[in-house]
Amino acid sequence: MVAHDNTVMNATITNATPSADDESALPESTPIGTDPQRDVMSDVVPDVTPEEVPGTTIASTPATATVPAEEMKPSQSVTYRPMHWNDLDDIVREFDRTWGQCSAAAGTPVSMQISRHFVLHYLEPTTRAIVAELDGRFMGVTLSRVAGEPLAFPQAKQELAAINGELNRSTLGAKTLSETEQWHEMELRMEREIDINDVARGEIELFLVAKSARGHGVGGSLWRQAMDYFANCQVARFYLHTDSSCDVSFYDHKGLNCIVARYAADHPEDGADMDDIFIYAGTPESTR
């Protein structure tokens, strides 16, 4: 999952209290997953045991692929398929559209570069990637990881190194990348503090739904398919990162538990713009 301090990107669910079966309540763009730029350790929620740990990142659609809601007729059918490598640019554009304004590089060419970094960062460990589309237009994506399963895109590691090299060629790019990497490290420290990877084999790396997809069941369908994937891989628990810039009530609604929280008010050293950061976890059977 994702959350940040406005110097880097943020990726979590935004503003909705979805109904049981329809993600039309999902925010205009719905991020779920790894929060990009945090920086410090998390405060463990008291009285959490490994047995209580059940086991997420999201984005939205490129301007060039926007389908106004009024043009999307009920008869039109959204299709779901495995992600192809050439879907990467669509996902990056939607990610930037959703979270680009949160970066210190907002409004500059570096914004798209750091968005590409984020998507590749989430894609690198991904073992299953599903894209939703309507008439060939990108509507959403879920990137999921199950420990021990083969990587979906082994080339993502090399591409990530390449975009990091591009970012380091400019002052703004290097600064933004440094802040982003601090964010990634904070997430890792939060995970290590509760040993989440010892009890949860699955993680939702990125969950992104385009604004134009609202009301078509895209978010709900992508989520359920991710849960089915975990269940088929015999994943007992999964988790995701998120933050207070998103509507974490979505996870509560889905039956996930907040198992660790790091509150910005307790860490003024991070700056006034830092969000509260959370790890949510759940079981595939109870969160469909």
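The values are calculated or read from the model by the stated rules, or taken from the named source; none is laboratory data. Just so it is clear, the model here is predicted, and its values are computed rather than measured. Please note: Cβ atoms are built from the backbone with ideal geometry, for glycine as well, and neighbour counts cover all protein chains shown. Each accessible area value is taken on the protein alone, full model and side chains, heavy atoms only, with ligands, DNA and RNA left out. Shrake-Rupley method; radii C 1.70, N 1.55, O 1.52, S 1.80 Å.
Of note:
- Hits in segment 208-243 - residues which are in a loop (DSSP other than H, G, I, E, B), of a type in the set (A, V, I, L, M) and surrounded by fewer than 24 Cβ atoms within 10 Å (Cβ to Cβ): VAL235, ALA236
- Test: HIS184 is in a helix (DSSP H, G or I), open to solvent by 10 Å² or more (accessible area, probe 1.4 Å) and modelled with pLDDT under 95: yes
- For segment 225-246, residues that are over 13 Å from the mean Cα position of the chain (by Cα) and modelled with pLDDT under 95 total 1.
- Test for ARG189: is it touching a Ser or Thr at 6+ places or on another chain (Cβ under 8 Å), open to solvent by 10 Å² or more (accessible area, probe 1.4 Å) and farther than 18 Å from THR126 by Cα: yes
- Filter pass, SER221 being among the small types (Gly, Ala, Ser) and either touching a Lys or Arg at 6+ places or on another chain (Cβ under 6 Å) or closer than 13 Å to TYR280 by Cα (or both): no
- Segment 256-271: number of residues that are surrounded by 20 or more Cβ atoms within 10 Å (Cβ to Cβ), of a type in the set (A, V, I, L, M, F, W, C) and assigned to a strand (DSSP E or B): 2
- For segment 202-216, the candidate set comprises residues that are within 16 Å of THR287 (Cα to Cα) and not β-branched (Val, Ile, Thr); within that set, the residue that is farthest from the chain's Cα centre (by Cα) is GLY202.
- Test: residue in segment 54-72 that is modelled with pLDDT of 90 or more and outside any strand (DSSP E or B): no
- Selected residue (only one of SER77, SER103 is crowded, with 16+ Cβ neighbours inside 10 Å and of a type outside the set (A, V, I, L, M, F, W, C)): SER103
- Condition met for GLU285 (touching a helix residue (DSSP H, G or I) at 6+ places or on another chain (Cβ under 8 Å), under 30 Å from SER77 (Cβ atoms) and either of a type in the set (Ser, Thr, Tyr) or surrounded by 24 or more Cβ atoms within 10 Å (Cβ to Cβ) (or both)): no
- Looking across segment 80-100 at every residue that is under 22 Å from GLY217 (Cβ atoms) and modelled with pLDDT of 95 or more, the one that is most open to solvent (accessible area, probe 1.4 Å) is identified as PRO82.
- Candidates PHE250, PHE278 - the one that is more than 24 Å from LEU88 (Cβ to Cβ), open to solvent by 10 Å² or more (accessible area, probe 1.4 Å), out of contact with any His (no Cβ under 6 Å at 6 or more places or on another chain) and not in a loop (DSSP other than H, G, I, E, B): PHE278
- When residues of segment 135-165 are limited to those that are surrounded by 16 or more Cβ atoms within 10 Å (Cβ to Cβ) and charged (D, E, K, R), the one modelled with the lowest pLDDT: ARG137
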